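Enquirer: Handing you a structure now.
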Amino acid sequence: MRTLVLGRTPARVTAVLATLHADGFDAEGVSTDEEALKLLATEEFGVLVIGGGVGPGSRAAIKEFAAEHRVRHVIDGALSEPFDVYVRREFEPLIRKAAAER
């Protein structure tokens, strides 16, 4: 199941993707709403991770759009260091759960 990571800080998105890829997850990351909407419109993503820096208005609009485009699970995240430990503890179990429910 593909995962889309939306975060406002490109370095953090890159860190999340590095961990997910190292652990065998199919994931892509972006930093703008426009990029996220374009990718979500492909209906290729089952999980969406929204970083803590994404404001409430954008967050609500992205979640609504995602629900209309086959996203099964949205994860609200706010990274804490070390990033790899956080991703493995908080994100990966939820991605696995969403994949198992397909």
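Enquirer: Counting only protein heavy atoms, what percent of the accessible surface of the chain is carbon or sulfur at a 1.4 Å probe?
Expert: Using a 1.4 Å probe with all protein chains present, the chain comes out at 52 percent carbon and sulfur.
Enquirer: Still on this structure: Mind giving me the FRET efficiency for A60 and L94? R0 is 25 Å, r the Cβ-Cβ distance, nearest 0.05 is fine.
Expert: Here the calculated transfer efficiency is 0.80.
Enquirer: Span-like helices, the chain: DSSP H, alpha-carbon axial extent 15 Å or more, mean Kyte-Doolittle 0.5 or greater, which ones?
Expert: Details: long enough: 10-22 (18 Å, 0.96); 56-67 (16 Å, -0.02).
Counting only whole DSSP H runs, the qualifying helices are 10-22.
Enquirer: May I ask you to list the GluC sites (Glu not before Pro) in the stretch 33-102 that are in a DSSP loop and have at most 13 other Cβ atoms within 10 Å of their Cβ?
Expert: E43, E68, E101
Enquirer: Report the residues of the stretch 22-47 in range of a label on E68: point 7 Å along Cα→C-beta, backbone N strictly under 17 Å from it.
Expert: 33-45
Enquirer: Over the chain, with the other protein chains present, what is the accessible area per residue in square angstrom, probe 1.4 angstrom?
Expert: 53
Enquirer: Over all Cα pairs of the chain, how is the pair count split among 10 Å bins, expressed in % and running from 0 up to the last occupied bin?
Expert: 16, 56, 27, 1
Enquirer: Next question. Tell me the relative contact order for the chain as a rounded percent, counting alpha carbon contacts under 8 Å between residues six or more apart.
Expert: 31
The values are calculated or read from the model by the stated rules, or taken from the named source; none is laboratory data. These numbers were taken from a predicted model, which means no experiment stands behind them. Every residue, glycine among them, receives a Cβ derived from its backbone with ideal geometry; neighbour counts consider all protein chains shown. When the accessible area is computed, the model is the full protein with side chains, heavy atoms only, and any ligands, DNA or RNA have been set aside. Shrake-Rupley method; radii C 1.70, N 1.55, O 1.52, S 1.80 Å.
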